[in-house]
Amino acid sequence: MDLAKGQNVELGEPGDTAVRVSWSGGPTVDVSALLLNQDGKVRSDADFVFYGQPQHPSGSVRHAGGAPGVDGLQIQLPAVEADVERIVIGASAEGRPFGEVAGLVVEVGAGGTVHARYAVEGASSETAFLLGELYRRSGAWRFRAIGQGYDSGLAGFASDFGVDVADETVPAQPAAPGPGAVSLKKQKLIDMEKRLGAEAPGLLDLTKRAAVSLEKRGLGEHTARVALCLDISASMDGLYRSGKIQALVERILALGLRFDDNGQVDVFLFGAGGYEESAVAVANHATYVPDMIRRRRLEAGTSYGAAMRLIRERYFGAAGPRSQPCPDTQPVYVMFVTDGAPMDRKDAEEQLRFSSYEPVFWQFMAIGKSNKAVDAGEKKKRGLLARLADSQFAFLEQLDDLPGRYLDNADFFGVTDPSNLSDDRLYDLLMTEYPGWLDAARRGGLLSR
């Protein structure tokens, strides 16, 4: 039976009931269910069944998935507990508006028979939808077509029915979520991984490797803005031509996808001057560095300070002196990649000192042959050229230990060749000092929540 919005139909003899949601184009739709009591609320967060929590403890409702363009639920109506009066059927679409979803249809049936069919119409900016509900009436189960949109996404939809959706931000003293609590950040990470599985499987593998390092440090659901700062001095030419910087960009993007909810990493460049480049994201990552190098020539010069000024202006509105904490709600993690010491050492030192009053962490990585590189191997007697290379690392070591800062806001490591580092080793190096800085930044008033 075809239903219009608001209409209902009896489902007949209760049994193994299938809810099938299909669509013909647009983002992937994920179906969910909420088991509600007589007050119209879940009894606990376990009553929320979705892709991240695919089966109800009673076994009565489970997320069934389906082929491309199809998702659904399997519901054993006789097994639904007596104090459950309604099962509402919801959907999300990768955080994108349902106006982009074409041909959205809900079908409810059993044993190959479709008892109800509802074609959802009129969607626009909504990021979640209450498609319909199964409810008890006079001892029988019925289905009602609803079609109510939510602009607050899956989390807003779920919280309206009493689900305790954990705050995605990281408080100074994080409260432990209750059993079955649904983290909004975790939902976004699951959405991201599903998208990568379809669009960029290589990036998906990298994000999972990054996740292992983050989980070890309690940062599995941490949120931060991420920036990548790349040296475009002429001496970097071989690294760009070889594809090693492209590979590094992809590895940093994977970290950014775990941290940053906007799905991209902001990019800044420095050579003779400083420049803000277009962001790297899933859509453009595969050819990001070759495309960037075609637009910009490598330059004669290395100016750390110019890029550091741009980053501070971008995230904190100013690049001038600062002597008081400047709190914000989210930290900024900067990956700073270079193959040599700067020509503006005093400016770089000043920028690092001023930024120590801001919630920004600088992770410096030097690339070059040096006895101090983490992949240098057995240490041997060094010639003049090698000792000169060591001196390029020395300035970054000096920045790492720079006195006169409000907080120690930087870390440094050197590498002979970034391709020598496994993904796991790289992500561990990137997280050596950042967790400790986060704790200090919270205590020092740099993070306001």
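Would the range 78-92 turn up any residue that is acidic (Asp, Glu) and at pLDDT below 90? No - not one qualifying residue is present in the range 78-92. The residues on offer are 274, 243, and the sole one that is modelled with pLDDT of 95 or more, surrounded by fewer than 16 Cβ atoms within 10 Å (Cβ to Cβ) and out of contact with any strand residue (DSSP E or B) (no Cβ under 6 Å at 6 or more places or on another chain) is 243.
For (1) assigned by TED's automatic domain parsing to the domain that holds residue 138; (2) surrounded by 20 or more Cβ atoms within 10 Å (Cβ to Cβ); (3) not acidic (Asp, Glu), each residue gets a yes or a no:
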| site | (1), (2), (3) |
| --- | --- |
| 28 | yes, no, yes |
| 47 | yes, yes, no |
| 51 | yes, no, yes |
| 56 | yes, yes, yes |
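Residues in the range 412-449 that are among the hydrophobic types (A, V, I, L, M, F, W, C), in a helix (DSSP H, G or I), within 20 Å of the chain's Cα centre (by Cα) and over 13 Å from residue 374 (Cα atoms): 438 only. Residues in the range 20-48 that are in contact (Cβ under 8 Å) with a residue 60 or more places away in the chain and among the small types (Gly, Ala, Ser): 22, 24, 25, 26, 32, 40, 44, 46.
Name the single residue that is surrounded by the most Cβ atoms within 10 Å (Cβ to Cβ) among those in the range 320-333 being in a loop (DSSP other than H, G, I, E, B) and among the hydroxyl-bearing types (Ser, Thr, Tyr). The residue in question is 329. For the range 102-111, the condition of being within 21 Å of residue 38 (Cα to Cα), modelled with pLDDT under 90 and surrounded by fewer than 18 Cβ atoms within 10 Å (Cβ to Cβ) holds for none of the residues. If the condition is being without any contact (Cβ under 8 Å) to a residue 12 or more places away in the chain and under 26 Å from residue 163 (Cβ atoms), then the range 75-131 contributes only 82. Of the conditions (1) farther than 25 Å from residue 323 by Cβ; (2) crowded, with 16+ Cβ neighbours inside 10 Å; (3) in contact with a helix residue (DSSP H, G or I) (Cβ under 9 Å, 6 or more places away or on another chain), residue 419 satisfies every one except a single condition; which number is it? The failed condition is (2). Looking only at the range 334-344, decide whether some residue is at pLDDT below 95, in a helix (DSSP H, G or I) and not β-branched (Val, Ile, Thr). The answer is no, given that none of the residues of the range 334-344 is at pLDDT below 95, in a helix (DSSP H, G or I) and not β-branched (Val, Ile, Thr).
The values are calculated or read from the model by the stated rules, or taken from the named source; none is laboratory data. Quantities reported herein were computed from a predicted structural model and do not represent experimental measurements. When we count neighbours, we look across all protein chains shown, and the Cβ atoms used for this are built from the backbone with ideal geometry, even at glycine.
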